[in-house]
Amino acid sequence: MATKHSLKSLFSRTAESEHNPLSMSDEQILEQIYSTHVHSHTKFDVDSLFILVENTLRRSTLIVDSVLQGSKSSLEQLEDKIPQANFNSPLCTLRQISSEMSCKPVGEEIAHKTTMTILVKLSNYEWDAKAVLALAAFAMEYGEFWLLAQHQPTDPIAKSVAFLKRVPVLTRPAALQKHRQAITELNNLVKTTLLVIELIFELEKLTSFDTKDVPALLPAIEQIPVDVYWAIITIVAIVTQIDYLTTESGNKQDLSHYGQKINIILSKLRKQIMLCRQQIEEAEYHHRLRKFFQTPTEIMEVFKFLVFSKDAPQLLFDGATKTTIEITELKKKNVYLLISTLEITDEEISVLRPVYEYIKTNDQYKIVWIPIVEEWTEKLHKRFEVLKSKMPWYVVQHFGTIAGYKYIKEEWHFKKKPMVVVLNPQGKVQHANAFHLIHVYGMKAFPFTIADQERIDREIHWIGSVVGDSHPQISTWIREQKYILIYGGSDKEWIQQFTKYASTFANDGALKEAKIQIELFCVEKEDKNFLRRFWSGIESLFVTKAHNTVDAVTQEVQKMLSYKNETGWAVLCKGSYVVVSGHGTTILKTVAEFEKWKEAVLKNGFESSFKEHHERIVRTTHRCIHLEIPNVAGRLPESIKCPECGRIMEIFISYKCCHTDTTSIAIH
């Protein structure tokens with residue numbers, strides 16, 4: 001028998017917990033309340049109803065505070081909002097809800113059932129309207145109760161109705177003294193619930209914005225039904241407490257749990273709405289900024305709107321004169337925006353030095369460095385001062401967040417690596433990132449517009465742009481239009497082997513007889529700075545050609561980039577024109593097997609014979625191509641064709657750490 005009783009007790013507790021909101025999760029509540037909702041969207045003037053509810057409860061709660069303090073309420077100071085003149089109150093619905101809430105026994109399970117019944121009655125309304133209707137039904141009763149309390153001493157009708165409504169039971173001095181704490185708690189909870197529903201109402205109005213622009217809206221909107229449930233059940237509990245206080249019978253309703261929950265919701269809603277408003281402001285700024293760049297606007301105005309937040313000092317530092325200047329210096333100028341973090345290197349700064357030297361006597365062009373810092377610290381301030389001292393051009397002197405950082409990141413695809421955005425005097429973007437164009441071609445590509453890049457891209461002599469300016473010996477060979485065999489790799493043994501075969505090949509009598517002179521240049525034998533500049537140049541060249549129609553030059557650049565981490569590689573060029581490039585396995589074999597194709601040189605010429613024999617070896621050698629693309633600023637292509645077979649390459653993402661302050665991301 002004891003066991004049966006225990007099981008019965010257990011089942012009873014389980015059944016109760018399923019209907020006790022204090023032991024239910026938000027997911028459980030949501031599952032139950034969604035079954036009451038019908039997506040028919042019954043329309044009525046919910047704004048006017050809420051105005052009347054707010055007017056009623058603000059005055060009612062003020063009367064309660066005054067009664068408790070024993071002072072006269074200063075209702076004259078309150079300004080009521082005005083609803084629409086043609087507003088019709090949904091009186092029958094309000095009476096039905098009021099009837100459901102009245103004279104219910106104390107208990108969380110009963111409050112839950114009452115709330116579910118109210119939600120069923122309001123199934124055709126939007127969630128915010130459900131909350132406002134429930135609050136309106138309560139406001140009618142609460143407002144009337146305290147209106148009668150105020151007028152019963154002087155108005156006979158008010159006195160009679162007050163007796164019918166049991167108003168004196170609660171408003172007599174002895175009763176007020178006895179229930180002071182309970183009335184205070186109840187009245188404060190009414191105020192908090194009004195605030196919660198006001199915020200739900202406000203949040204619902206924000207749903208007209210796109211969640212792509214305001215991502216904080218989505219979790220807030222998803223939580224609205226549960227928040228509405230808690231607002232309504234709190235109103236139900238308040239009504240039960242009022243019934244207890246006016247009848248002085250039954251058990252007292254504990255409001256503390258509802259108070260805790262409703263205050264948590266209030267705090268959460270305030271944070272959510274603040275975040276939503278912030279994101280809306282950012283989205284509107286983003287939209288206006290995009291419009292700025294689409295519509296001809298004075299460059300100074302565009303720059304000001306892009307960089308400076310409201311009320312921030314709008315100053316630039318002139319690196320040449322070491323003085324602070326006004327941004328009016330940018331008026332009617334072509335502006336090169338150098339955008340980077342404080343991790344910009346001396347080598348990257350040096351990329352723009354030739355540009356500065358060229359334009360410093362031409363007042364129509366200006367360079368401005370925009371440092372991107374998410375949160376300034378004393379250490380970063382010092383780093384900024386060091387970098388600023390190395391730049392002879394203009395520098396943004398602003399120690400806050402750059403106003404258009406999100407735009408720079410999303411529209412110009414800034415990824416912490418330096419970029420140069422070219423703007424004309426009307427604020428129109430002439431090149432979204434000319435840094436790589438400047439890096440590879442220097443002043444040959446001036447003034448670095450898209451048109452200049454397209455002109456440069458048509459050139460087939462690209463190797464000189466990568467190595468010519470970095471090494472005087474190669475520059476001489478390029479000018480003399482000599483054949484140059486440039487090679488390197490990560491395997492020292494392969495380099496030794498290739499050097500041996502290539503030297504024999506270059507000094508072969510047949511080539512001497514044909515007056516073909518080949519110079520050898522091993523990049524691995526140069527200093528590390530040269531090697532870094534060499535591969536940085538290849539990467540920049542790849543970026544400038546990444547979105548072009550794939551031609552022979554683009555394929556050669558892609559192939560070269562794919563050799564970066566290989567055991568060996570070589571490129572044969574004549575002057576600045578690339579004849580052929582190849583992986584270590586195929587290019588070594590081509591050179592080593594010169595005896596096999598020596599005779600073809602006399603018949604078909606050196607270049608075509610070298611290429612034909614190399615292509616024959618490539619066709620019989622299977623090798624996967626790995627193209628490692630640095631996570632540079634700018635938009636990378638969604639797909640890349642293999643430079644050897646033409647198939648679309650698979651994409652893999654890798655992460656690299658060299659134990660410095662920056663982390664690298666590479667796409668393979």
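The values are calculated or read from the model by the stated rules, or taken from the named source; none is laboratory data. This is a predicted model, so every value here is computed, not measured. Cβ coordinates were reconstructed from backbone atoms using ideal geometry, including for glycine residues, and neighbour counts include every protein chain displayed. Accessible surface areas use protein heavy atoms only, side chains included; no ligands, DNA or RNA. Shrake-Rupley method; radii C 1.70, N 1.55, O 1.52, S 1.80 Å.
Some points to look at:
- Full-stretch length increase - residue 648, residue 432 - with 0.36 nm per residue and alpha-carbon distance subtracted: 75.1 nm
- Tilt relative to the chain, helix 594-604 - C-alpha long axis, 0 to 90 degrees, to 10: 80 degrees
- Whichever aspartates and glutamates have a C-alpha closer than 19 Å to that of residue 415, once near sequence neighbours (fewer than 8 apart) are set aside: 343, 346, 347, 348, 374, 375, 539, 628, 638, 661
- Applying 1/(1 + (r/R0)^6) with R0 = 22 Å to the Cβ-Cβ distance of residue 40 and residue 208 gives a FRET efficiency near 0.65.
- FRET E, pair residue 277, residue 482, Förster distance 56 Å, beta-carbon r, rounded to 0.05: 0.25
- Listed by chain and number, the lysines whose alpha-carbon sits under 27 Å from that of residue 512, ignoring those within fewer than 8 places in the same chain, are 482, 500, 525, 574, 589, 596, 598, 603, 611.
- Protection proxy ranking of 507-517, 560-570, by the mean of other Cβ atoms within 10 Å over each peptide's residues and highest first, is 560-570, 507-517.
- Residue 624 accessible area, 1.4 Å probe, all protein chains in place, Å² to nearest 10: 80 Å²
- Inter-label distance for residue 172 and residue 615, nm, one decimal - labels placed 7 Å from Cα along Cα-to-Cβ: 11.1 nm
- Taking a straight line from the alpha carbon of residue 212, these aspartates and glutamates sit under 20 Å away, with near neighbours fewer than eight places off in the same chain left out: 202, 204, 222, 281, 282, 284, 410, 411.
- To the nearest ten degrees, helix 606-619 and the longest principal axis of the Cα atoms of the chain are 50 degrees apart.
- Nearest-10 value in Å² for the accessible area of residue 229, using the 1.4 Å probe: 0 Å²
- Overall form of the range 209-354 per C-alpha gyration tensor (a/c, 1.5; a/b vs b/c): prolate
- A 1.4 Å probe over all protein chains sorts 649, 101, 140 by accessible area into 140, 649, 101, starting with the largest.
- Column: log10 I(q)/I(0), Debye, Cα scatterers of the chain, q = 0.05, 0.08, 0.12 Å⁻¹: -0.46, -0.79, -1.17
- 0 to 90° range, to nearest 10: angle between helix 46-69 axis and the chain longest Cα axis: 60 degrees
- Each Cα pair under 8 Å and six or more residues apart adds its separation to the average, and for the range 447-532 the resulting relative contact order is 28 percent.
- Amide H contacts for residue 519 (H built 1.01 Å from N in the peptide plane; partners 5 or more residues away or on another chain; cut-off under 5 Å): 483, 484, 485.
- Restricting attention to the range 325-443, close to 45% of DSSP beta bridges with both partner residues there are antiparallel.
- Ordering of 129-136, 605-612, 450-457 by packing [mean C-beta count within 10 Å, highest first]: 129-136, 605-612, 450-457
- FRET efficiency, 1/(1 + (r/R0)^6) with R0 56 Å, evaluated for residue 602 and residue 532 via beta carbons: 0.85
- Prolate/oblate/rounded call for the range 406-456, Cα gyration tensor, a/c under 1.5 rounded: oblate
- Three-way shape label, the range 51-143, alpha-carbon gyration tensor, a/c 1.5: oblate
- Euclidean distance of C-alpha centroids, the range 108-139 and the range 209-223, integer Å: 24 Å
- Here the simple spin-label model places points 7 Å from the Cα toward Cβ, and for residue 626 and residue 493 these points are separated by 1.8 nm.
- Subset of 333/641; 205/406; 444/559 violating a 30 Å alpha-carbon distance limit: 333/641
- The chain: antiparallel DSSP beta bridges as a percent of all, rounded to 5: 70 percent
- The order of 122, 520 by accessible area, most exposed first and with a 1.4 Å probe, is 520, 122.
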